[in-house]
Each structure stands twice: as structure tokens, then as C-alpha cells.
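So the structure is just underneath, and the comments pick up after that.
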Amino acid sequence: MALKIGRAAASPPFRVMDVIAAANARQAALPPGAARVLRMEVGQPGTGAPAGAAAAVVAALQAGDPLGYTETFGLPALRARIAAHYREWYGLDLPARRIAVTTGASGAFPLAFLAAFDAGDRIALAAPYYPPYVNILRSLGMRPVILEAGPETRFQPSVAMLDRLAAQAGPPDGLIIASPANPTGSMLPAADLAELAAWCAANGVRLISDEIYHGLHYDTPIATAAAVGPDAIVINSFSKYFSMTGWRVGWMVLPEALLRPVECLAQNFFINAPHIAQVAALAAFECGDELEANVARYRRSRARLLAALPECGFPRLSSADGAFYLYADIAGRDEDSARFCARMLAEIGIAATPGLDFDAARGGHFVRFSYCAPEADIDEAVARLAAWR
């Protein structure tokens, strides 16, 4: 007799992880001396943790620090330093008690969703979107409401979209925004962010703002929802700007009413973020020169691809205001982005992510290229793509 499997186990894959596996398998199968696979599929900085963060970890280990449990919301020194970060970057005074250190941004999302919503609640977000938003919501019994966005709104949600949704079915219970966004790299100007926050406040909608790519912006200034929405939940991470993906440490800015609910959930789900990662994160704040040098490299790679990709057969690209992604329209070259990406990997050894990961309805016409790899790899990718049709 077959045993029951829970409905949440039917969650669809995060396809980029399958692309990573396929790229790893291709690389392992290559003969000696063959051109290696170029990794443009994943948003993982090629630089690694800043030197000061690694040095702090070594010092803690050599000092015999037991590195045991921390408070559930993290080391007090790290929470205070994150609060200082908001003063430095945004001119915003936040009390450290509103900061919750989490097991990456990925650990923050279920905490936010469970604290703010119930099963059956409707949470709006624009497509294309980061796939785990939808997959986590559905696994928790919540209902994602997809707002199809395009270049006319920089692939971002708008008040007009929300007004139409509210007129048809009532306001949603929540709205998720991301600026800079994955996969498009698009950003919300400060005025648009404030307008969305005001709409949410007026309509009783909980705003959740994913800000994990803050610091990776090029021409559009960043703005935080913490400054315009006192009831908003802000999620950030040390993975992207701070180049610490594998350390699994992030943070949330919480409204006062959700502090204790989120703390209780985190106590039961995660206990605390890894102590050693918190030590590294605290030190990373003092590595500004190294981190800004990383951003300068991304800026150069972005400019290289924006200039070259149209000549390589990708004439329609997202605005790429921030993050380290370009979302390329492949309509006219293929109608199936998964097939297109598989062929690109097999024929020229470039791994990229099919748009179906980010938009079930329209993603067959799009591919996401990540440009956080070393600059030499970006140059080689351009050369390969230029010779491939």
C-alpha cells in the first residue's frame, strides 16, 4: 500500500538548479583541453566572500570561539550594524530591534508569508518573478495572483494593475515587489515605490519588498520600502552585493506588530542563522572598497553585454537597471526557452536560464543571462554567441 505524499511535495522545480546540474555534468564530461562551460545561469558572484569577512572567521576559530546558538534574531552587534547600514545608505533611522537576521533571504520568505498571511490568502506579484515566491506561497496553501508586466512598466507592477485587480476581485491580501528584480534587473523609481506603498496602505494590503540586489544598481538610485511603508516587510541578504551566497545569512526589517510572531516562527523553524556566517557578515560591512570594486566589474560586464548581445541575435533586452541579469527576448529564434538553453549549452557551452522559470505563460520566449562571472568569461561568451546562430 502506497503511503501518502503531502500536497506541498508537488512543488515544481526551481529550474535554474536543474540547469546548474546539467552544466556541471557537461563540464565533467568534457575531454582534457576542451573549452570549458561558461556559467551565465546562476546569480552567484564569481568573487566569493570579501577578504575581511574570511579573516574574521579565521580569527574567531583561532580564538576558540564556541560559535554556539545566537539569539533567534541574530547577534546584537550584527543587528545594530544592519541598522547603521540603513542610516548610511538611505538616511533612515531604524531601531535594531526591528532587524531579524535570517538563514538567507530564502529563510526569510516563509517566515514573512506565515506571519502575514493565512492559507487561501491572495498575494499579488508581477511576472516575470523569482520562482520561489510562487512555489513557497503555493506550498503554504496561499494563492499567488500574477500581474503580467512588460517593458512598458519596466516589468514591474503598477498602481493601474492593482486598481484593475481590485475592481475585478477585490484588493489582494499582499503584494510582493522586487527592485532590482530577478530576472529582469529592472528597478522601481523612488516615486513609483512610494505610490505602490501608499496604495497598499490605503487598501489594507501587506507589502513585502525583496531588496536583496540593493547595492547592485547602475543608473537608477535605490529606494527602500522601509522608508515609505511602516507596515512593509523588507527582505535583504548578504548573498549578492556582499558576495556571500553559500554563507546563508540575510535579514528582515519588520513592522512592530510582526516582531514577536516572526520571532516565534523562527525559533521553531530555524533557531538562528549560522553563528559563523553572522561573524562573517558583520565583518563584510567594513569591506566597502572590495565590494565596490565588484560592482565596477559588473558594470563593465553589463555594458559589454548590452552593446554586444543585439549583434549576437538578441535585439530585445530588459532595462537592466540593477542586479546582474539581462532578460533577453528570443522570439524569432525559438518558441521554447528550455530547448533553446539546452541547445546553447550543448553546442557552444554556455549555460543560461530559460524564461519558463520566471513566467509560466510567456517565459518560453525569454532567456536570462547572468553577468556576475569573471569578466574574461563574459568576453568569451560574447565571442561564442557571435559565432552561433
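Within region 163-184, the set of residues being in contact with a strand residue (DSSP E or B) (Cβ under 9 Å, 6 or more places away or on another chain), part of a helix (DSSP H, G or I) and small (Gly, Ala, Ser) comprises 169 only. Does residue 343 meet the test of being surrounded by fewer than 21 Cβ atoms within 10 Å (Cβ to Cβ) and either closer than 28 Å to residue 223 by Cα or not aromatic (Phe, Trp, Tyr) (or both)? Criteria met by residue 343.
Among the residues making up region 222-261, those that are part of a helix (DSSP H, G or I) and over 21 Å from the mean Cα position of the chain (by Cα) are 256, 257, 258, 259, 260, 261. As a summary of the residue check, residue 51 satisfies the conditions (1) surrounded by 14 or more Cβ atoms within 10 Å (Cβ to Cβ); (2) hydrophobic (A, V, I, L, M, F, W, C); (3) out of contact with any Lys or Arg (no Cβ under 8 Å at 6 or more places or on another chain) except for the one numbered (1). Set side by side, the residues 119, 108, 160 differ, and just one is assigned by TED's automatic domain parsing to the domain that holds residue 184, surrounded by fewer than 22 Cβ atoms within 10 Å (Cβ to Cβ), assigned to a helix (DSSP H, G or I) and among the hydrophobic types (A, V, I, L, M, F, W, C), which is 160.
In this structure, residue 27 does not qualify as more than 24 Å from residue 385 (Cβ to Cβ), among the polar types (S, T, N, Q) and out of contact with any helix residue (DSSP H, G or I) (no Cβ under 6 Å at 6 or more places or on another chain). Residues that are aromatic (Phe, Trp, Tyr) and in contact with a helix residue (DSSP H, G or I) (Cβ under 8 Å, 6 or more places away or on another chain) were ranked within region 65-97; the one that is farthest from residue 248 (Cα to Cα) is 90.
Looking at region 47-59, is at least one residue at pLDDT 90 or above and hydroxyl-bearing (Ser, Thr, Tyr)? Within region 47-59 (the criterion being at pLDDT 90 or above and hydroxyl-bearing (Ser, Thr, Tyr)), the answer is no, since none of the residues qualifies. Just give me the residues in region 187-233 being of a type in the set (D, E, K, R), farther than 29 Å from residue 371 by Cα and surrounded by fewer than 19 Cβ atoms within 10 Å (Cβ to Cβ), in sequence order. Correct list: 195, 231.
Of everything in region 322-338, what is of a type outside the set (Ser, Thr, Tyr) and in contact with a helix residue (DSSP H, G or I) (Cβ under 8 Å, 6 or more places away or on another chain)? Give them in sequence order. 324, 326, 328, 329, 330, 331, 333, 334, 335, 336, 338 - these are the residues of region 322-338 that are of a type outside the set (Ser, Thr, Tyr) and in contact with a helix residue (DSSP H, G or I) (Cβ under 8 Å, 6 or more places away or on another chain). Any residue in region 115-124 that is more than 23 Å from residue 286 (Cβ to Cβ), without any contact (Cβ under 8 Å) to a residue 24 or more places away in the chain and small (Gly, Ala, Ser)? Yes, some residue in region 115-124 is more than 23 Å from residue 286 (Cβ to Cβ), without any contact (Cβ under 8 Å) to a residue 24 or more places away in the chain and small (Gly, Ala, Ser).
The values are calculated or read from the model by the stated rules, or taken from the named source; none is laboratory data. For clarity, every value in this text was computed on a predicted model and none was experimentally measured. All Cβ positions, even for glycine, are placed from backbone atoms using ideal geometry, and neighbour counts span all protein chains on display.
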